[in-house]
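Below is one structure; the comments refer to it alone.
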Amino acid sequence: MTKLEARNIVKRFDHNGNPVLALDGINLKVDEGDFVCIVGPSGCGKSTFLNIVAGLEKPDSGEILLNGNTISTPGPDRTMVFQEGALFPWLKVIDNVEFGLKMAGIPKNERAQISQRYLDMMQLTKFANSYTYQLSTGMKQRVAIARALVMDPEILLMDEPFAALDAQTRDLLLVELQLIWERTKKTILFVTHSIAESVILGNRVVVFKNRPAKIKKEFVIDYRRPRLAEDENLLKYQQEILAELRTEVKAQIKREFEE
Amino acid sequence: MKGKITAKRIVFYAAIVVVWQIVFSLNIWSENIFPSPLQVAEDLAYGAADGTLFFGIATSMWRLIVGLAISIAGGITLGVFMARIASVNQTIGSLILGLQSVPSVAWVPMSLLWFGLTDSGIIFVTVASSLFAVTINTYSGMKNIPTSYIAAARNMGTSEAQLITNVMLPAAFPYLISGFKQGWAFAWRGVIGAEIIFSFLGLGFLLNVGRELNDISQVISVMLVIMIIGILIDGFVFKKIERKVMSRWGLA
């Protein structure tokens, strides 16, 4: 069953008074329970696409359908994990996690029950009463994931959530995220510039072509889980994708050089 | 380290008193113009003993607190509207920038005409002195919130009202605090200035009485009290809040 569908999404940006085509007709279907990664060079418009799915930005044309219904505003059915976490520093970890539930008017004891489950899942129970400045970057991203999952979204959107992490922490979270995905059966749409990350996580890897962004090719990664970062068998998938992206990256470097 | 700083300060202030005493002993000026440290201390003790000093402090502080509370409530409200509605900022915003440049004592004649010699008159001057600083700081705080906070909040389904109260105001809190701090400093100047001209109770009034009685010791002792209250509120109220907020918001 299709959970999320993007139909011919077009987005233009204003660049010094000239409209620049950022997304040139993106069509994408994500099945229920699937784990889809979008990979592409930085600045290729993949985060813009994710923001449109989240309803935080509006496309110039095209539509996003969730369970067959058109959506245009942000909502807790599509929670997002942001690259910098975007946690609220004035709240304790537990209050950050419960934030969306509180806004939805869910009573305190019920909130506590729900949040406890995700604090446990993300191994944050010990830090429930800490403030975010007391946490490492990796812990912050755990909180951000718990905060997004607590809303029990239809689809979980992740915008380069591990980009700022050190390698060891990231490898750990890459495995954990797979376990969480298996446990919660969530549909996940994950944006990254790291090919390695995309083949570790994704059932499908969608490669974005640069400026204007279009879907260039799609890969199916049919490999057992949990996949580890150091698994050499994943290299051949990486190489296939890299070959596809290399021309893109070269084109971008050339363009930037000329500009 | 901290003990060392304190020691330095004690030596510094002790030195001032010693120099002061030496200059006094040289008899360059008459006692009516240049009193000795002991005379000022006696005056302080006298004012404390008969209660006039405490009554003056209480009166001024009460006016300050009422005025500042009005300024904080009003300033936050104005600042929020300016930050959220462009037309409000383009119109009222420009007026507020202009009004902020009006010195606090310049409000006194208007206040006297409107309110007469009343507490309300002095409180009006206090509010006029501090309201706009709070407003402008609230506005810049709201404008400088990381966009990711707002995106995250909307992503979790917050309404516009919830966004302001649960996200934007707390996110802008470091700015609000500096607004309160500036507001308090302006309010304190406003209260004392108004009290001198209104000559209607409070520390400013005591200053004026000192002048009328040609009592330089009283003038200096009241000035000392005004300064000490300033140091105490700055150091104990605002520094503490600021330090806590800065570390928690990850700014220090």
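The values are calculated or read from the model by the stated rules, or taken from the named source; none is laboratory data. These numbers come from a predicted model, not from an experiment. Glycine also receives a Cβ, built like all others from the backbone with ideal geometry; neighbour counts cover every protein chain displayed.
Of note:
- Looking across the stretch B:120-158, just one residue is more than 20 Å from B:Gln182 (Cα to Cα), in contact with a Leu (Cβ under 9 Å, 6 or more places away or on another chain) and more than 13 Å from chain A (Cβ to nearest Cβ), and that is B:Gly121.
- Identity of the residue in the stretch B:226-249, among the small types (Gly, Ala, Ser) and surrounded by 12 or more Cβ atoms within 10 Å (Cβ to Cβ), that ends up farthest from the other protein chains (Cβ to nearest Cβ): B:Gly230
- Breaking point among (1) out of contact with any Ser or Thr (no Cβ under 6 Å at 6 or more places or on another chain); (2) within 14 Å of chain B (Cβ to nearest Cβ); (3) crowded, with 23+ Cβ neighbours inside 10 Å, for A:Phe49: (2)
- Residue among A:Thr187, A:Thr169 that is among the hydroxyl-bearing types (Ser, Thr, Tyr) and either in contact with a Lys or Arg (Cβ under 8 Å, 6 or more places away or on another chain) or touching a residue at least 40 places away in the same chain (Cβ under 8 Å) (or both): A:Thr187
- Leading residue by the ranking (surrounded by the fewest Cβ atoms within 10 Å (Cβ to Cβ)) among those in the stretch A:29-46 that are closer than 13 Å to A:His193 by Cα and of a type outside the set (Val, Ile, Thr): A:Ser42
- Of the residues screened, A:Ile253 is not one that is assigned by TED's automatic domain parsing to the domain that holds A:Leu174, over 23 Å from A:Arg183 (Cα atoms) and touching a Ser or Thr at 6+ places or on another chain (Cβ under 8 Å).
- For B:Ile196: the one exception among (1) over 30 Å from B:Lys244 (Cβ atoms); (2) within 15 Å of the chain's Cα centre (by Cα); (3) of a type in the set (A, V, I, L, M): (2)
For every residue, the table says whether it meets (1) under 18 Å from A:Leu174 (Cβ atoms); (2) touching a residue at least 60 places away in the same chain (Cβ under 8 Å).
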{"residue": "A:Val191", "(1), (2)": "yes, yes"}
{"residue": "A:Val207", "(1), (2)": "no, yes"}
{"residue": "A:Arg211", "(1), (2)": "no, yes"}
{"residue": "A:Arg225", "(1), (2)": "yes, no"}
{"residue": "A:Glu230", "(1), (2)": "yes, no"}
{"residue": "A:Ile241", "(1), (2)": "yes, yes"}
{"residue": "A:Ala251", "(1), (2)": "no, no"}
{"residue": "A:Arg255", "(1), (2)": "no, no"}
{"residue": "A:Glu258", "(1), (2)": "no, no"}
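- Screening B:Leu117 with (1) away from every other protein chain (no Cβ under 14 Å); (2) outside any loop (DSSP other than H, G, I, E, B); (3) not polar (S, T, N, Q) gives one miss only, at (2).
- Pick from the stretch A:72-101, criterion over 18 Å from the mean Cα position of the chain (by Cα) and of a type in the set (Phe, Trp, Tyr), ranking: nearest to the other protein chains (Cβ to nearest Cβ): A:Trp90
- Contact map, the stretch B:234-250: residues that are small (Gly, Ala, Ser) paired with residues that are at pLDDT 85 or above and assigned to a helix (DSSP H, G or I), Cβ distance under 7 Å, separation 6+ or inter-chain. Pairs shown: B:Ser247/A:Tyr133; B:Gly250/A:Tyr133.
- Note on the stretch A:155-186: residues that are at pLDDT below 95, over 19 Å from A:Pro226 (Cα atoms) and among the aliphatic types (A, V, I, L, M) amount to 3.
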